[in-house]
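Chemist: First, the structure itself, so that you have it in front of you.
The values are calculated or read from the model by the stated rules, or taken from the named source; none is laboratory data. In this text, all values refer to a predicted model and were calculated from it rather than measured experimentally. As a convention, Cβ positions derive from the backbone with ideal geometry for all residues, glycine included, and neighbour counts pool all protein chains shown. Please note that ligands, DNA and RNA were not included when accessible areas were found on the heavy atoms of the full protein model with its side chains. Shrake-Rupley method; radii C 1.70, N 1.55, O 1.52, S 1.80 Å.
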Amino acid sequence: MINKRFQEDWLKMLNLNYEINHSENPEIINKTLKIPFTHLEVDGYLLYFLFEYLYPKFINDQKNVVDIIISDYDIDNITTDAYLYKTSRLGIYDSIVKLPTKSITIKQSDMKHLDDLFIKVQSTLLTTNNIRIASIRFFRRRTIDLINRYYEEMEKYSNLEYLQHLIDLIQKLIKENLIVIYPEPNLVQFLKNIFLLIGDLKFSNFFNLFFEILPNFNQTIVFHSNNLIFTLNTQKIARKQNKPELLLTLKRSDNENFPMDFDLNKEELSQIRKVFKSDNVLSLRFEPLINYMLELSELRIPLEKKRIELLLQKLLYAVKSLGIHWNIIPRPKIYNTIFRFLIRLIGFNLNPMKISYWAIPGFISNMVDTYLGLNYRITLIIADKEKPLSIMMLGFQDSSLIEIKSIQQKEIIVTENISTLSSAWNNINIKYGFNVLIVKIDIKIIEKIFETFVFRLNKLNIFTLYSLMRMLKQSKYLEIYPELPPFQLIKKKNSFSLIKLLLNVLIDKYEF
């Protein structure tokens, strides 16, 4: 039996969808509900809008879905329950009908031929209910037990903790085929490839490490779609015992504080900043962002080199498109014409709106091929003041990442702290075979990079870049063994000279 709280959350969403579908003015409906599997309470119309826009793009663009709960064991009919969701609008479930169990008979062997099984179920529903379906979702009985257990414990979790457990739940369901969707969406195929890439590692471990490295922040993102504006406020704060916590607020905009025009001026963005008391406000166009995410979801393992370069080009083009695809306040000093003119007089061409987006991916790719080759392995050590937090070995084939493997510290480092990379490199080569190089990076330099280019972008200038370069040159923050020529150049060259050199490569010097 499904968890009662989950059932209540799900039915409340269906009922609100039905109300919005049959309302002449749905945008005036002001009801909140909790997003299933989360603590997050949102405006019902906003959730409706997100499902209507995202579901057809990432899951299925046709109407009507059937959920079938099947047994884990081999019996004559493994169907235990079946539910039909009617969708009068794409992506929007607004009603649920329980189907007679005996109307759909499935054997374990049928699960090996999902195309034939889909036709069989489709024919049955046409005969009994006079309805066509777009897809079928099969849930193993064990899936329901896992969902129930998650829901029973979810109230004890903080926001960060339930996200970690939710990621673990999704990984388990997909890796063990406890949930099967036919036709299989690109998003599910993408997740399968990610989980295949990391093997037995938990994806939540990467999430935890990444979140721990991030500095404390209070960011507001304003998403502009053609029909709706909504905001997401994210905060990382310190809790008891220095444990970080994530706070999320997702809300629909109101016309008073958030004008529908994307080209918000400084005063309007400042008003939004005051509403959320955030450090800065990032304004994004929603449709281009989702289109980019769709392209990412089409990636497969092994990653195609040219496709990665193209996606990186598009990302860099978006970075340079301030005022077109995104906006920010406080506005970064480097976008001030007078400031850029003055630093250009002393030889620094720091103009992000002229970033060489078409050349940078190829430049990086050629550097990697030249100094590492096509097939190689790298060991990455993420440390906190010489104490390893995570050790991973990355395997590449034809310049594409094909494997991420976790390495236990005791296998390659005898002491608690890292003594010398050369000894660790020798131990890795003996234990796992030849690695081209070993890289140790301190969390402080990663935090500094995010502060400089993401969370404190408004303070980006020559001096913050100089501070970052000084850290990159110090072995306590970044160390590579054996040292490659590019890294030797970074260590040898003066920081200001190195910035000039990099800007000549990264920034187009012609103003056209």
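Chemist: Could we say that F206 is free of Cβ contacts under 8 Å to residues at least 60 places away in the same chain and within 24 Å of I441 (Cα to Cα) here?
Modeler: Against the criterion (free of Cβ contacts under 8 Å to residues at least 60 places away in the same chain and within 24 Å of I441 (Cα to Cα)), F206 qualifies.
Chemist: Give the residues of region 99-117 that are under 35 Å from the mean Cα position of the chain (by Cα), in contact (Cβ under 8 Å) with a residue 12 or more places away in the chain and more than 19 Å from A134 (Cβ to Cβ), sorted by residue number.
Modeler: Within region 99-117, Q108, M111 qualify.
Chemist: Moving to a separate point now. Scan region 116-163 residue by residue and report those that are more than 28 Å from R89 (Cβ to Cβ) and among the polar types (S, T, N, Q).
Modeler: Matches in region 116-163: N148, S158, N159.
Chemist: List every residue pair whose Cβ atoms lie under 7 Å apart, where the two residues are 6 or more positions apart in sequence or sit on different chains, the first residue falls within region 343-357 and is at negative phi and touching a residue at least 40 places away in the same chain (Cβ under 8 Å), and the second residue, located anywhere, is basic (K, R) and part of a loop (DSSP other than H, G, I, E, B).
Modeler: Taking only residues 6 or more apart or on different chains, the pairs are N349/K509.
Chemist: Just name the residue that is least open to solvent (accessible area, probe 1.4 Å) out of those in region 273-309 that are more than 26 Å from L247 (Cβ to Cβ) and not in a helix (DSSP H, G or I).
Modeler: It comes out as L299.
Chemist: What strands (runs of 3 or more DSSP E) lie completely within region 337-414 and have 3 or more residues being open to solvent by 40 Å² or more (accessible area, probe 1.4 Å), touching a helix residue (DSSP H, G or I) at 6+ places or on another chain (Cβ under 9 Å) and within 25 Å of F207 (Cα to Cα)?
Modeler: The qualifying strands (runs of 3 or more DSSP E) are 400-406.
Chemist: Can I ask one more? So which helices (runs of 4 or more DSSP H) are wholly in region 139-204 and hold at least 3 residues that are under 22 Å from the mean Cα position of the chain (by Cα)?
Modeler: Those helices (runs of 4 or more DSSP H) span 159-175, 186-198.
Chemist: Follow-up. Please enumerate the residues belonging to region 457-509 that are assigned to a loop (DSSP other than H, G, I, E, B), among the aliphatic types (A, V, I, L, M) and closer than 21 Å to M367 by Cβ.
Modeler: Answer for region 457-509, where residues must be assigned to a loop (DSSP other than H, G, I, E, B), among the aliphatic types (A, V, I, L, M) and closer than 21 Å to M367 by Cβ: just L484.
Chemist: Using the structure shown, decide if R300 is in contact (Cβ under 8 Å) with a residue 24 or more places away in the chain, basic (K, R) and in contact with a strand residue (DSSP E or B) (Cβ under 7 Å, 6 or more places away or on another chain).
Modeler: Against the criterion (in contact (Cβ under 8 Å) with a residue 24 or more places away in the chain, basic (K, R) and in contact with a strand residue (DSSP E or B) (Cβ under 7 Å, 6 or more places away or on another chain)), R300 does not qualify.
Chemist: Given the conditions (1) at pLDDT 90 or above; (2) in a helix (DSSP H, G or I); (3) open to solvent by less than 40 Å² (accessible area, probe 1.4 Å), and given that D116 satisfies all but one, which numbered condition is not satisfied?
Modeler: For D116, the failing item is (3).
Chemist: Out of all the residues in region 424-440, is one or more farther than 18 Å from Y371 by Cβ, assigned to a loop (DSSP other than H, G, I, E, B) and either touching a residue at least 12 places away in the same chain (Cβ under 8 Å) or more than 28 Å from the chain's Cα centre (by Cα) (or both)?
Modeler: Yes: one or more hits.
Chemist: Search region 446-456 for residues being under 23 Å from R340 (Cβ atoms) and either in contact with a Pro (Cβ under 8 Å, 6 or more places away or on another chain) or part of a loop (DSSP other than H, G, I, E, B) (or both), and hand back the single one that is least open to solvent (accessible area, probe 1.4 Å).
Modeler: F455
Chemist: Would you confirm whether or not region 318-327 contains a residue that is open to solvent by less than 30 Å² (accessible area, probe 1.4 Å), in a loop (DSSP other than H, G, I, E, B) and of a type in the set (G, A, S)?
Modeler: Yes, the conditions are met somewhere in region 318-327.
Each row is one residue, and each column tells you yes or no for (1) in a loop (DSSP other than H, G, I, E, B); (2) farther than 30 Å from L248 by Cα; (3) open to solvent by less than 20 Å² (accessible area, probe 1.4 Å); (4) in contact with a Lys or Arg (Cβ under 6 Å, 6 or more places away or on another chain).
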{"site": "D67", "(1), (2), (3), (4)": "no, yes, yes, yes"}
{"site": "N77", "(1), (2), (3), (4)": "yes, yes, no, no"}
{"site": "S123", "(1), (2), (3), (4)": "no, yes, no, no"}
{"site": "T127", "(1), (2), (3), (4)": "no, yes, no, no"}
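Chemist: Any residue at all in region 472-484 that is among the hydrophobic types (A, V, I, L, M, F, W, C), modelled with pLDDT of 90 or more and surrounded by fewer than 16 Cβ atoms within 10 Å (Cβ to Cβ)?
Modeler: Within region 472-484 (the criterion being among the hydrophobic types (A, V, I, L, M, F, W, C), modelled with pLDDT of 90 or more and surrounded by fewer than 16 Cβ atoms within 10 Å (Cβ to Cβ)), the answer is no, since none of the residues qualifies.
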